[in-house]
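Chemist: Quick one: the structure is below, questions incoming.
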Amino acid sequence: MSNDPLAEMLRRNATLAETYQPPPPLPAMAAASRASGTGVVVLSCSDPRLNPYQILGLDHTLKATMVRNAGGRAFDAIRTLATLQTIGAPGTIVVMHHTDCGLTHYHDRDIKDALFQFAPSDAHDLIETTKFGEITDLEKSIKEDVAILKASPLIKNSTRIIGLLYDITTGLLSEAK
Ligand SMILES: [Zn+2]
């Protein structure tokens, strides 16, 4: 393997493209999803140790749309989730947070202090007033994010919104109570 991960990724992509089969065009797929209401969107963390496709057993027979950001936080995902409502109208949104998450170790204060180290001084007010999504209690963060989505005027009232906790040690999901 090359020392440059990007070069290696591009090499692997070129190999994959040799046998690539394109999916059906989006408009037809989105119309089918809207009609059935069975679409699922999973909001989860950016953590590279987390593989939502594997965790949920997704394959060509069972699909979900993915939204990922630091912590899998709802406030940071509203634009995307709102947009997806207008395209595939998913009937279910899953909020999945996980144990050993970076945002349980690095809180807003740590992130702000680290950003101050390299950001220009005229960005300091912006950094100080920005919410970075720290997590102090996983059950609480999941409940908060489910509540944010339920209360959002940009998410359909009929959408089922479920909060799940993924235990990175056991590989098990449990519903956040
Ligand atoms: Zn995480």
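Chemist: When the residues of region 95-108 are narrowed to those that are surrounded by fewer than 19 Cβ atoms within 10 Å (Cβ to Cβ) and in contact (Cβ under 8 Å) with a residue 12 or more places away in the chain, which ends up nearest to the ligand (Cβ to nearest atom)?
Modeler: That would be 102.
Chemist: Going through 68, 34, 11 one at a time, which residue ends up being over 24 Å from residue 83 (Cβ atoms) and of a type outside the set (Asp, Glu)?
Modeler: Exactly one residue qualifies, and that residue is 11.
Chemist: Name every residue in region 19-55 that is closer than 28 Å to residue 135 by Cβ, without any contact (Cβ under 8 Å) to a residue 24 or more places away in the chain and assigned to a loop (DSSP other than H, G, I, E, B), in order of residue number.
Modeler: 48, 51
Chemist: Within region 87-94, identify whether any single residue is in contact with a helix residue (DSSP H, G or I) (Cβ under 8 Å, 6 or more places away or on another chain), closer than 20 Å to residue 167 by Cα and either within 16 Å of the ligand (Cβ to nearest atom) or polar (S, T, N, Q) (or both), and answer yes or no.
Modeler: Within region 87-94, none of the residues are in contact with a helix residue (DSSP H, G or I) (Cβ under 8 Å, 6 or more places away or on another chain), closer than 20 Å to residue 167 by Cα and either within 16 Å of the ligand (Cβ to nearest atom) or polar (S, T, N, Q) (or both).
Chemist: In region 143-157, how many residues are open to solvent by less than 70 Å² (accessible area, probe 1.4 Å) and closer than 18 Å to residue 80 by Cβ?
Modeler: Total satisfying the criteria: 6.
Chemist: Does region 57-75 hold any residues that are more than 10 Å from the ligand (Cβ to nearest atom) and either in contact (Cβ under 8 Å) with a residue 40 or more places away in the chain or among the hydroxyl-bearing types (Ser, Thr, Tyr) (or both), and which are they?
Modeler: 61, 65, 74, 75, listed by residue number.
Chemist: A follow-up question, please. Does residue 43 satisfy the condition of being within 20 Å of residue 160 (Cα to Cα) and surrounded by 18 or more Cβ atoms within 10 Å (Cβ to Cβ)?
Modeler: yes
Chemist: Test of understanding: among 87, 161, 78, 148, which residue is among the β-branched types (Val, Ile, Thr) and in contact with a Phe, Trp or Tyr (Cβ under 7 Å, 6 or more places away or on another chain)?
Modeler: 148
The values are calculated or read from the model by the stated rules, or taken from the named source; none is laboratory data. If you're wondering where the values come from, they're calculated on a predicted model, not measured in any experiment. Note that we place each Cβ from the backbone using ideal geometry, even for glycine, and neighbour counts take in every protein chain shown. Accessible surface is based on the protein model in full, side chains and every heavy atom, while ligands, DNA and RNA are left aside. Shrake-Rupley method; radii C 1.70, N 1.55, O 1.52, S 1.80 Å.
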